[in-house]
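Here is the structure we will look at.
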Amino acid sequence: MGSRMDKVRVALVGSGAIAHRHGYALKQNEFAELTAVVDVNRDNASAFAAKWGGSVYDSLDDCLGEVDAVYVLTPPSVRPDYALAALSSGKHLLCEKPLAASEADARRIATAADEAGTVAVMGLNMRHRRGFDRLRHAVHQGKLGRPYHFWRQRFGSGPGATGTITSKNWRTDPQYVVGMTVESFSHDADLLRWIMQDEIVSVSSIVYGTVPDMPTFDNNAYVLFRLKSGGSATITASWSSRISFNDCGVLGESGTAFLYGSALGNNGIWCSREFHIKTDDDEFETIEMIQDDLDEASYVNETDDFVSAIREGTTPRTTIWDGYETLRVSAAVLESSRIGAPVTLE
């Protein structure tokens, strides 16, 4: 690890919707080459390869000898087999979030990554978004003083928003189903840890779903966290809102900063339109208009970060253990809601 190579040859496993963001990102990096595409649906893999490049293979084992790194972009319940195969063959790994469908499987992957000694990162692309990075810098540069509260709320229309499943989606496929708390909530929990540079020690939550015919599928989570520093955090997330908007901010002892976004022109759950900040040294609040849409840019930044870590030995912005920690938080959120009481994280 750390020695330069001409090109990082990549096998991509899973050619669904999110794979096209990664395909685009790999195409933009002059030091990366999409070499192999693997999918249980060969027609999907062929269509993907025709657009973004690479040869189609029926299994990962068939192409491991041809590549340096593996992107695992399958539904989370089947990620462990692919991730462990890549790591046991000494390959670098980028795994989409969530790392797995269970905390135990996530730990297996993270432990295997440590043993392999290769670069292993989580696809937590929100860390590569301009807006969230702007908020993080305000906190880490001390502009807000000691941070004591983080909040994040996002509302929008996702799978099952109107109470029924109206489109084909792996998230609601009985074979692969995971709810919002395991799937996209991982971004929110990770942003909390990353922006605050803190760890979660307890969770109190209410989680529920709005699809009566699919009781194992949740699409709403309302969560209160206690942090190791003594601070607090709240995350409120919904896939069943008819109106889309979001905000994310931090209260500090000498300042406040937050991001705000709506559905005007982009995804209201994840875009940022405005950055607000006011400190004790400021007479007025500053509002900076930003255009941080949910597009390919964060995936390009993520791929650049991963490829640089492989070729140059730089420290990647995420590690595979970040994936484990976020899944551990999701499991605690679900358990707290199930038992109707706080859950402590050791």
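Note on region 39-66: residues that are surrounded by 23 or more Cβ atoms within 10 Å (Cβ to Cβ) and in contact (Cβ under 8 Å) with a residue 40 or more places away in the chain total 1.
Looking at 73, 99, 84, 124, just one residue is touching a strand residue (DSSP E or B) at 6+ places or on another chain (Cβ under 6 Å) and touching a residue at least 24 places away in the same chain (Cβ under 8 Å), and that residue is 73.
Can you say whether residue 130 is closer than 23 Å to residue 196 by Cα, in contact with a helix residue (DSSP H, G or I) (Cβ under 7 Å, 6 or more places away or on another chain) and either surrounded by 23 or more Cβ atoms within 10 Å (Cβ to Cβ) or of a type in the set (Lys, Arg) (or both), as far as the supplied structure shows? Taking the combined requirement at face value, the residue does not satisfy it. Within the span defined as region 90-102, every residue fails to be crowded, with 24+ Cβ neighbours inside 10 Å and either over 20 Å from the mean Cα position of the chain (by Cα) or of a type in the set (Val, Ile, Thr) (or both). The condition of being at pLDDT 95 or above and surrounded by fewer than 15 Cβ atoms within 10 Å (Cβ to Cβ) holds for only one of 230, 252, 265, that being 230.
Per-residue answers, yes or no, for (1) surrounded by fewer than 15 Cβ atoms within 10 Å (Cβ to Cβ); (2) assigned by TED's automatic domain parsing to the domain that holds residue 335; (3) of a type outside the set (Asp, Glu):
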residue: 134; (1), (2), (3): no, yes, yes
residue: 160; (1), (2), (3): no, yes, yes
residue: 168; (1), (2), (3): yes, yes, yes
residue: 174; (1), (2), (3): yes, yes, yes
residue: 177; (1), (2), (3): no, yes, yes
residue: 188; (1), (2), (3): no, yes, no
residue: 226; (1), (2), (3): no, yes, yes
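Residues in region 299-346 that are of a type in the set (Ser, Thr, Tyr) and surrounded by 16 or more Cβ atoms within 10 Å (Cβ to Cβ): 299, 303, 308, 318, 319, 324, 326, 330, 336, 337.
The values are calculated or read from the model by the stated rules, or taken from the named source; none is laboratory data. Just so it is clear, the model here is predicted, and its values are computed rather than measured. All Cβ positions, even for glycine, are placed from backbone atoms using ideal geometry, and neighbour counts span all protein chains on display.
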